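Student: Attaching a single structure in structure tokens format; questions to follow.
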Amino acid sequence: MATPSPLRTSQISDDLLRTIYASDQEMYPAPLTYERLRSWRDACPELSICFTANDDHDSSEPVGVIIVLPLLKKYWEDLLVGKIKEVDVDAKEMFVRGDRELQAPAEVGLHVFHIERFAAWDAEDALKKTGARPAAVTVRGCEDGGGKTGFADLALEEVRRRVEAANAEAENNWRRWDVLGFSALTATPAGKKTFARLGFVPTGYKEIFQLVDTRSPSTPENMTVATHYVYPGQTQIGELSSGVISESEMTVRYCPASR
Ligand SMILES: CC(C)(COP(=O)(O)OP(=O)(O)OC[C@H]1O[C@@H](n2cnc3c(N)ncnc32)[C@H](O)[C@@H]1OP(=O)(O)O)[C@@H](O)C(=O)NCCC(=O)NCCS
């Protein structure tokens, strides 16, 4: 049975989505438009989740967010190997949402587009260090016997719980989702460590961003970002001697029943 999250959850507001967009562009300099990001949230608001602390204090400061794209199998499999790029995901065509009237379960891949833990998550540490009550409140229920449960564990568990709960009600008005697995294009050292810890493995698809000097007498300011794609099975791309600013790696964790 689905267990409730130790965090409170709400939908991601427009203001918060703007913040997420800016943060994402810093971590992952792909040509994503804000409109496209908003279309993803709007097409499946249930899996674009804002978390706040679940305790007696009436804090509404988010401790973290997750945005998950529910993709039909064929698009998800293409995304895993780079045949479709993340920025090209079209919610109308590729999300599983549109076909509720169909009776057979839909095979779905859940792609984590963005996950981020905010400073409010660390409020308890601030309280310990300074003795002063921080603006944000303590996140309760996140300590287990063996140590701290990461935000990513709780966020992914909430996604799983929501899909499970929706499936449990999937009588006539909701097409059941047969979840094949989770994926994430890891862009930061923290993201890479986190998803590896959670059992995600690389598919072999990578995106490498390189700052290229395209200055000329008429455009002395011009530095552009070039993207290099590495596909599964490909061992090398040309010389990337300098200017690499970011390297993203597609990772996947299949659900046991789907293999
Ligand atoms: C990814 C994230 C949500 C995971 O949160 P979490 O589940 O609470 O896990 P933590 O952040 O505590 O730990 C993740 C690991 O990354 C490490 N880490 C955190 N920030 C790091 C950084 N800036 N550079 C390198 N490693 C970092 C942690 O030390 C930890 O390593 P460990 O497991 O060896 O101790 C959180 O680190 C975050 O919000 N990071 C910023 C946004 C981001 O990078 N998102 C992922 C993009 S793919």
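Student: Quote the accessible area belonging to Phe200 in square angstrom, nearest 10, computed with a 1.4 Å probe and with ligands, DNA and RNA left uncounted.
Tutor: 10
Student: Excluding ligands and nucleic acids, what accessible area in Å² is computed for Glu46 using a 1.4 Å probe, to the nearest 10?
Tutor: Per-residue accessible area (Glu46): approximately 70 Å².
Student: Which value in nm describes the separation of the simple spin-label points at Glu35 and Val87, placed 7 Å from the Cα toward the beta carbon?
Tutor: 1.5
Student: With a 1.4 Å probe and every protein chain left in place, tell me how much accessible area Trp121 has, in Å² to the nearest 10.
Tutor: Spelled out: Trp121, probe radius 1.4 Å, area about 20 Å².
Student: Could you let me know the centre-to-centre spacing of segment 11-67 and segment 178-239, using Cα atoms, in angstrom?
Tutor: Taking the Cα centre of segment 178-239 as reference, the centre of segment 11-67 is 22 Å away.
Student: Mind listing the long-range amide H neighbours of Leu180? Cut-off is under 5 Å, sequence gap 5 or more, other chains count too, H placed in the peptide plane at 1.01 Å from N.
Tutor: Counting only residues 5 or more places away or on other chains, the set is Val108, Gly109, Leu110.
Student: Sticking with this one: Counting only other residues whose beta carbon sits under 13 Å from that of Met250, what net charge do I get with K and R as +1, D and E as -1? Don't skip to the end; give the middle numbers.
Tutor: Values: positive: Lys83, Lys85, Lys192, Lys206, Arg253; negative: Glu77, Asp78, Glu86, Glu207, Glu247, Glu249.
Every neighbour counted, the sum reads -1.
Student: Quick check: residue separation of Asp153 and Glu26 times 0.36 nm, minus the Cα distance between them. What number comes out in nm? Display every interim value, and only then the final one.
Tutor: Details: separation 127, 0.36 × 127 = 45.72 nm, distance 2.35 nm.
Net length gain for the segment: 43.4 nm.
The values are calculated or read from the model by the stated rules, or taken from the named source; none is laboratory data. Quick caveat, the model's predicted, so the values are computed rather than measured. Glycine also receives a Cβ, built like all others from the backbone with ideal geometry; neighbour counts cover every protein chain displayed. When the accessible area is computed, the model is the full protein with side chains, heavy atoms only, and any ligands, DNA or RNA have been set aside. Shrake-Rupley method; radii C 1.70, N 1.55, O 1.52, S 1.80 Å.
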